[in-house]
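Comments concern the structure below.
The values are calculated or read from the model by the stated rules, or taken from the named source; none is laboratory data. The model shown is predicted, which means the values in this text are computed figures rather than measured ones. Backbone-built Cβ (ideal geometry, glycine too); neighbour counts: all protein chains shown.
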Amino acid sequence: EADVPRPVLDVIARLHELGHAVFLVGGCVRDTLRGVHPKDFDVATSALPEEVQRAFRKVIPTGIQHGTVTVVQGSTHVEVTTFRSEGDYHDGRRPSAVTFEQDIVKDLSRRDFTINAMAWNPLTHELADPFGGQQDLKARVVRCVGSAVERFSEDGLRPMRAVRFAAVLDFTLDPGTQAAIPETLPVFRKVAHERVREEFVKLLLSKREAFGLELLATTGLLDVFLPELARADAEAARLARTAAAAEPVDVEIRLAALLADLVTPQQAEEIGVRLKFPTKTIERVKLLISHAALERHVADSDPALRRLLAKVGLANVEALTSVARARIQARDPSRLPEMDALIGRLHGLAVSKPPLSAKELALNGGAIMATLGVGPSPIVGEATRFLLERVLDEPSLNEAETLKEMVLSWRQSRGS
Ligand code: ATP
Ligand code: MG
């Protein structure tokens, strides 16, 4: 069976002892049944939130209105949620009210998919599976609990979650569940962009991201939040999806690989802002997209490649080469050897940590002023730029004495 962490078992045992019904629910049951160690263990119980609070020494009232209490067991936090059903949904976003329930089946029936609607008690070994979750797990199918059109109309995020789970688990969508997505797109349109983005990121980071992206396109979801990709011609979209498999698995790398040949850096920024990505992510994706067509550098000299490194920043070289490689692999695999040779040269230059900016020059502004016998003046900036260009050409020149001589003859040659 599963190795449920001790603190979680202790919480379940205590609630059981007090006479309450108590189960592990949701993702941890699904993952345990398919032989994957769960990320986290969610506990559901018939005990009311106040009863849960009273049953343990240390608790945090995380979301009492929704019935969630966090039980602190040493360094482990265990989320315990009272069985609940949800009242009417307002405008496809959030339920207007929750009702606490005594029956686990009521709690399971509000959940999104059959594979997420199972409950298991690791002490009594009781498994509650009222909607055929085990069967769908075996058939590798994502299927709504009850009517898909109704469930997608209650919460517009669910269609996005359906596709996300299909991509993450390498499952397919049940035909009825898939057919309900185009029908309920008006509800999906109302969902807050950050909730859509969270699911989109999980899909993008999954093993079957190309399949997930295709499913987003065929169901119409993509057109709602990423029309730039949804409206690209079929071949461009296919290449973008293929490139999105970029490794290592990282949001910025995968987003940049997906978008590099579809949008400008400016449009990438608009997409990032629209989906409320963090500014840091948006900036990095823009930078990666700006330089993604690395193949145009294959014949560059070392000095030209150092200038490229100066623009990209050493910290971004790994990510940039991943994006560039994934693009070429998708578009023209015959060019992979020359791309790999270029990547090898870039990494070789990067590991030698060449001076790439004015602040890495062996002669700083003060030393330049002293050498030239001047105070702060525009000539200091000009001299700095001159020295940096020479050092980018030839890093071994970056020695204080050498740069002093160079800056003196530079002044002489310009006759000032
Ligand atoms: P993951 O491994 O990605 O965290 P998970 O199944 O734990 O998968 P969560 O988003 O953490 O997914 O949600 C926990 C559980 O809550 C789900 O398994 C499902 O039963 C229920 N759930 C979450 N979001 C919804 C929703 N929008 N509608 C209905 N039920 C939901
Ligand atoms: Mg979870």
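Among the criteria (1) more than 11 Å from ligand 1 (Cβ to nearest atom); (2) assigned by TED's automatic domain parsing to the domain that holds Asp10, the one Met118 does not fulfil is (1).
Listed here are the residues, each with its yes/no results for (1) surrounded by fewer than 19 Cβ atoms within 10 Å (Cβ to Cβ); (2) assigned to a loop (DSSP other than H, G, I, E, B).
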residue	(1), (2)
Lys202	yes, no
Asp223	yes, no
Glu235	yes, no
Leu255	no, no
Val285	no, no
Arg296	yes, no
Ala299	yes, yes
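Among the residues making up segment 32-84, those that are part of a loop (DSSP other than H, G, I, E, B) and either away from ligand 2 (no atom under 16 Å from the Cβ) or on the phi > 0 side of the Ramachandran plot (or both) are Gly35, Ser46, Ala47, Leu48, Phe56, Arg57, Lys58, Gly67, Gly74, Ser75, Phe83.
Lys106 falls short on exactly one of the conditions (1) within 11 Å of ligand 1 (Cβ to nearest atom); (2) of a type outside the set (Gly, Ala, Ser); (3) touching a residue at least 12 places away in the same chain (Cβ under 8 Å), and that condition is (1).
Only one entry of Thr62, Thr76 meets the criterion of being farther than 24 Å from Asp112 by Cα, within 26 Å of the chain's Cα centre (by Cα) and surrounded by fewer than 17 Cβ atoms within 10 Å (Cβ to Cβ), and that entry is Thr76. Just to be sure before I move on: is Ala210 under 13 Å from Ala166 (Cβ atoms) and out of contact with any Phe, Trp or Tyr (no Cβ under 8 Å at 6 or more places or on another chain) in the structure I sent? Here the answer is yes, as Ala210 does meet what is asked. When Val22 is tested against (1) within 16 Å of ligand 1 (Cβ to nearest atom); (2) crowded, with 16+ Cβ neighbours inside 10 Å, exactly one condition is not met: (1). Filtered by the rule that a residue be in contact (Cβ under 8 Å) with a residue 24 or more places away in the chain and closer than 15 Å to Leu342 by Cα, segment 265-299 gives His291, Ala292, Ala293, Leu294, Glu295, His297, Val298.
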